[in-house]
Amino acid sequence: MQKLPSHRRFDLSERAWSLVEFLLSGRRGQWGGIAKDNRLFLNAVFWVIRTGAPWRDLPPDYGCWSNTHRRFSRWRKSGVWDRILDSLAEAPDFEWLIIDSRHCKAHQHASGAVGGNQAMGRTKGGFNTKVHLGVDGPGMPYRIVVTEGTAAEVSHAIELIEGVEAEYLLADKAYDSDALVEYAQSNGMSAVIPPGKNRENQRYYDKAVYKARYLVEMAFLRLKEWRGVATRYAKKTASFMAAVQN
């Protein structure tokens, strides 16, 4: 077997390809044209997101950069990336439902979208975008929300948990909100959220169960290994969302 060059060391493994092969557009048996090589296209997209490089810098053995970018955008507009994430999270284990958010610094090239900056807020360190993430019991992402960096964590919490049936909702004290706790309880979830120090009546939470919150921390660590996620380069929120979904 021929050894791949170093810039292709993160190409899809056989196992990973087997999980997504039948979820992609342009495959045989599907209406429309047959894609020349879905696997090469995915590897090209992953290379750009992992390195944070401009599309124009795509190594030529991954194919034409402009065609790759055009196809990436077409899949974004038609919801292919959303469907892939939904399909891979088809049978989540919701013993625990864990939510959190992280800032992603916006590169200067991410500003200047037509109609104004999208989902970017100015903080002390410059423009930022915030990724709100929900993971299941094993720590697999199942829902993603992208907002401006100045958005409060708790303001998008219900969006992350809406329609989900879980035993426990885990979140840090930034999510300490009576409205969120009541919403979780009304939907059959036990809220495991530490109370803020300013509460007169400190609400009980299960500290043993709360230890599982590290799973969402690990999910963010894995996400931010991709430089195109750790730093936002995309002007459009939808393009950055597609990068996170990948």
Could you go through segment 26-39 and let me know if any residue there is at pLDDT 85 or above and in a helix (DSSP H, G or I). yes
Within the bounds of segment 208-217, is there any residue that is under 12 Å from the mean Cα position of the chain (by Cα) and surrounded by 14 or more Cβ atoms within 10 Å (Cβ to Cβ)? yes
Would segment 193-204 turn up any residue that is buried (at least 17 other Cβ atoms within 10 Å of the Cβ) and in contact with a helix residue (DSSP H, G or I) (Cβ under 7 Å, 6 or more places away or on another chain)? yes
Residue hits (segment 175-212; outside any loop (DSSP other than H, G, I, E, B) and in contact (Cβ under 8 Å) with a residue 60 or more places away in the chain) are Y175, V209, A212
Can you say whether S239 is free of Cβ contacts under 8 Å to residues at least 40 places away in the same chain, crowded, with 16+ Cβ neighbours inside 10 Å, among the hydroxyl-bearing types (S, T, Y) and under 24 Å from N128 (Cβ atoms), as far as the supplied structure shows? no
Quick check: anything in segment 50-66 loosely packed, with under 15 Cβ neighbours inside 10 Å, of a type in the set (S, T, Y) and at pLDDT below 95? no
Residues that are charged (D, E, K, R) and under 21 Å from the mean Cα position of the chain (by Cα), drawn from segment 1-14: D11
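The values are calculated or read from the model by the stated rules, or taken from the named source; none is laboratory data. Remember, predicted model here, so these are calculated numbers, not experimental data. Please note: Cβ atoms are built from the backbone with ideal geometry, for glycine as well, and neighbour counts cover all protein chains shown.
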